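The values are calculated or read from the model by the stated rules, or taken from the named source; none is laboratory data. For clarity, every value in this text was computed on a predicted model and none was experimentally measured. FYI the Cβ positions are ideal-geometry reconstructions off the backbone, even for glycines, and counts take in every protein chain you see. All accessible areas refer to the heavy atoms of the entire protein, side chains included, with ligands and DNA or RNA removed. Shrake-Rupley method; radii C 1.70, N 1.55, O 1.52, S 1.80 Å.
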Amino acid sequence: MIPNSFDYKKATSVDEAISLLGDDVQILGGGHSLIPTLKLRLNAPGTLVDISKIESLKVIRDNENSITIGGGATHASIAADAALSEHAPMMTQAAKEIGDIQVRNFGTIGGSMAHADPAADWPAVLLACDANVVIQGKGGKREVDIDQFFKGFYETALADGEIITAVRIPKMASNRHSVYVKFKQPASRFAIVGCAVGIEMEGGVVKSARIGMTGVGESAYRAMNVEKALVGQALTAESIEAAVKNVTEGAEVMSDHYASQKYRTHLAHVYVKRALKMLM
Amino acid sequence: MANKISVTVNGKQYTGEVESRTLLSDYLREDLSLTGTHIGCDTSSCGACTIHIDGKAVKSCTMLAVQADGCEVTTVEGLATNGNLHPMQESFKEEHGLQCGFCTPGMMMTATDFLKTNPNPSEQEIREALEGNFCRCTGYHNIVRSIQLAAKKMSEAV
Ligand SMILES: Cc1cc2nc3c(=O)[nH]c(=O)nc-3n(C[C@H](O)[C@H](O)[C@H](O)COP(=O)(O)OP(=O)(O)OC[C@H]3O[C@@H](n4cnc5c(N)ncnc54)[C@H](O)[C@@H]3O)c2cc1C
Ligand code: FES
Ligand code: FES
C-alpha cells in the first residue's frame, strides 16, 4: 500500500517543529497510528513534520512529587523506567500491555494521546492517574487537566499547531493502590474494554477513587458514579457489586464486529469488578 | 518530494534518494534488493517485515524509509556473520522452526531483539514476545523451541 504524496520535514527541536506546523501539516510521532491511516488513504496531509528525533521529548524525569514523561517517550521506554515502576506502577503495567514488542519500540505516549483512539490504553490509565498534559504551540505553553483533555471520538483539547511535550504523573502516596485490566482484541491487543483504577484508602475505607474506562464509549471516560458509590465503603465483594451497577452511564456504548453493545456493557461490568477485587 | 538519505544496512552504507511516502519495507526490497524482509499483511499486523533500527525491532511496513536516515538497519540478511549462521538461525534449523518459511525472518528478528532484554526467558515469556508475529503454518511450538535453544546457545557463548 502506498500513501498519497507528501513532503517530509525532520524537526530537531520543539521550537523548530512548532514553526513548521500550519495548514495541511501533521506531526509524525512514532508513526504507529498515523502511517497505517496514510497507507489506507484515510488521511492525506500535504506535509509531515517528524518529531521523533527530538531528544528532549523522550526524557522521563523523576521530580519530587511527580514524574514528567516526554511526549515522545516510547511505550517501551515507559515500561522500562524504574521511577515509574516505583511511584506509578500502573503506568509500567499498561505500557507492557500495549500492542507488541515492535509497536512498543516506536509508538509514543504523546502520539497515543493525540490520536485518542477510543480503544487505546493510555487514556484510561492517565485518567485514573490524575495526570496533567503539557502542551506547547505558537502561543506558548499551557497545561491541561487530563479530565479536560479527551473530548470525544478521536477528539482532544489539542488545537491546530500544538504539540504534547509532556505528561505529568503524580507520585502515588503509600495509601494509594492502582491496577489496569483489559480484555484484548487478540490480533492488535487494543482494548475491547479496559479499566484503570486508582484508589486512596483511609481507615479501611475508600477515601477517593478515580476509574478510567476505555474501549467502551466513543472516548475514554471516568466512571464517576462508581467512584462516588465507593467512597466511604470498605472494599468487599458486596460493596463492589453494588457500586459498579451503572459503570457505562453517560457513555454511548459502541457496537462493532469485535463486541456488540450488549456484550461490551457486560464486559465493562466484569472488568471494573475484576479491577476493584484485585485491590481488595 | 525526494529526500536524500544515508543509511547503514547490515554494516554497509547506502546513500540515495527516496520519495517521502516510500515505506522502509519497499525501500529494502525494491531499492536494495534485500528480499529477506517479507511483506505479509502490509497492515502492521503480521510481523513478517520486522527488522532492527539501531538494534530495536520494528515492522518495516509501518515506517517511512526517510525516517531511517542516519540509522543502523539490520535485516535478516545481516544476522549471519562471515558466512556463519547466527545462533538464532542455527536453532530454527535444528528445531524445525519453519515450515513454508514466510514468517521466519520476522520471527528471528523479533526474537533476537527480545533476547537482548530477556536473555533467559520462560516459555510463556517467549510466547508473549511473539504477539506481533503470525505464522500462517501455525508452527508456533517449534518456533518457541527454536528460540529456547537460541537463548541457551547465546548464553553459553558469553
Ligand atoms: C499492530 C498495532 C497494535 C497496537 N496496539 C495497541 C494497543 O494495544 N493499545 C494502544 O493503546 N495502542 C495500540 N496501538 C497504537 C500505538 O500505541 C500507537 O503508537 C499510538 O496510538 C500512536 O503513537 P505514535 O507515536 O505512533 O503516533 P503517530 O502515529 O505518529 O501519530 C498519531 C497522531 O498523533 C499526532 N501526534 C503524534 N505525536 C504527537 C505529539 N507529541 N503531540 C501532538 N500530536 C502528536 C499525529 O499528528 C497523529 O495525528 C497499536 C498500533 C499497532 C500498529
Ligand atoms: S507486512 Fe508489516 S506487519 Fe505484516
Ligand atoms: S512457517 Fe509458514 S508462515 Fe510460518
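Would you mind finding the one in A:S5, A:S66, A:S33, A:S13 that is in contact (Cβ under 8 Å) with a residue 60 or more places away in the chain, more than 18 Å from A:G107 (Cα to Cα) and among the hydroxyl-bearing types (S, T, Y)? If you could, list the steps in order and put the result at the bottom.
Numbers: A:S5 fails: in contact (Cβ under 8 Å) with a residue 60 or more places away in the chain; A:S33 fails: more than 18 Å from A:G107 (Cα to Cα); A:S13 fails: in contact (Cβ under 8 Å) with a residue 60 or more places away in the chain.
It is A:S66.
Out of everything in segment A:248-275 that is closer than 15 Å to A:A191 by Cα and of a type in the set (S, T, Y), what residue ends up being surrounded by the most Cβ atoms within 10 Å (Cβ to Cβ)?
My answer is A:Y271.
Considering each of A:D100, A:D130, A:D62, A:D145 in turn, give the residue that is within 14 Å of chain B (Cβ to nearest Cβ) and acidic (D, E). Explain how you work it out, then say what you get.
On the way: A:D130 fails: within 14 Å of chain B (Cβ to nearest Cβ); A:D62 fails: within 14 Å of chain B (Cβ to nearest Cβ); A:D145 fails: within 14 Å of chain B (Cβ to nearest Cβ).
After ruling out the rest, the residue left standing is A:D100.
Within segment A:53-69, identify whether any single residue is within 26 Å of B:C41 (Cα to Cα) and either over 19 Å from the mean Cα position of the chain (by Cα) or not acidic (D, E) (or both), and answer yes or no.
Looking for residues that are within 26 Å of B:C41 (Cα to Cα) and either over 19 Å from the mean Cα position of the chain (by Cα) or not acidic (D, E) (or both), one finds none in segment A:53-69, hence no.
Suppose we keep only residues that are outside any helix (DSSP H, G or I) and farther than 17 Å from A:G161 by Cα within segment A:8-42. Which one would you say is farthest from the other protein chains (Cβ to nearest Cβ)?
Among residues in segment A:8-42 that are outside any helix (DSSP H, G or I) and farther than 17 Å from A:G161 by Cα, the one farthest from the other protein chains (Cβ to nearest Cβ) is A:L42.
Residues are listed down the side, and each one gets a yes or a no for (1) within 12 Å of chain A (Cβ to nearest Cβ); (2) within 16 Å of ligand 1 (Cβ to nearest atom):
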position	(1), (2)
B:T117	yes, no
B:F134	yes, yes
B:Y140	no, no
B:I143	no, no
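Give segment A:102-117 a look and list any residue that's open to solvent by less than 10 Å² (accessible area, probe 1.4 Å) and touching a Phe, Trp or Tyr at 6+ places or on another chain (Cβ under 8 Å), or say none.
Matches in segment A:102-117: A:I109, A:M113, A:A116.
Residue check, A:I98 against (1) surrounded by fewer than 18 Cβ atoms within 10 Å (Cβ to Cβ); (2) over 25 Å from B:D69 (Cβ atoms), all met but one. Which one?
(1)
Restricting the search to segment B:28-64, which residues are assigned to a helix (DSSP H, G or I), more than 16 Å from ligand 1 (Cβ to nearest atom) and either open to solvent by less than 10 Å² (accessible area, probe 1.4 Å) or touching a residue at least 60 places away in the same chain (Cβ under 8 Å) (or both)? Explain how you work it out, then say what you get.
Within segment B:28-64, the first condition is being assigned to a helix (DSSP H, G or I), and the residues that meet it are B:28-31, B:60-62.
After this cut, where a residue has to be more than 16 Å from ligand 1 (Cβ to nearest atom) as well, the list is B:28-31.
Result: B:L28, single match.
List the residue pairs whose Cβ atoms are under 8 Å apart, where the first residue sits in segment A:146-172 and is small (G, A, S), the second is assigned to a strand (DSSP E or B) and open to solvent by 30 Å² or more (accessible area, probe 1.4 Å), and the two are 6 or more positions apart or on different chains.
Matching pairs, first to second residue: A:A157/A:K151.
May I ask you to verify whether A:T68 is open to solvent by 20 Å² or more (accessible area, probe 1.4 Å) and at pLDDT 95 or above?
Working: open to solvent by 20 Å² or more (accessible area, probe 1.4 Å): no; at pLDDT 95 or above: yes.
Taking the combined requirement at face value, the residue does not satisfy it.
For segment A:206-226, give me each residue that is assigned to a strand (DSSP E or B), under 23 Å from A:T156 (Cα atoms), out of contact with any Ser or Thr (no Cβ under 9 Å at 6 or more places or on another chain) and of a type in the set (A, V, I, L, M).
A:I211, the sole residue that qualifies.
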